[in-house]
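Here, each number is a calculation from the coordinates, and none is a lab measurement. Please read all numbers here as calculations on a predicted model, not as lab measurements. Note: ideal-geometry Cβ built from the backbone for every residue, glycine included; neighbour counts use all protein chains shown.
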């Protein structure tokens, strides 16, 4: 794939997630990571490695933060809010409410697994605090 297509696809996913958040879609939740904003650059580097190791597709949208495409389950969006990094789950919206909630739960579990891996890497590299 060429770079222009990848940038366009990333922007489209970011826009869709933003519109979904505005529409109040089912399964959208926000969680704190416990990582201070001052460590965001190092945190995103560690999280990128953790996401890729788990087969996810991380990228940085033009508006900042970080988005992780988790395939059929949906995506995770990381951003700085009130001095700390938070994550929002955006499950794929197809299917029944129960299926959407199951994907939201799977996204939360994926986030926790990536955080554990990112923290292990941070401890080894003294990359960020939590």
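Taking other Cβ within 10 Å of each residue's Cβ, how do 82, 105 sort, fewest first? Let's see the in-between values first.
Values: 82 7, 105 15.
Ranked by crowding around the Cβ, least crowded first: 82, 105.
Arrange the following residues from fewest to most other Cβ atoms within 10 Å of their Cβ: 33, 96.
Values: 33 20, 96 9.
Ordered by Cβ neighbours within 10 Å, fewest first: 96, 33.
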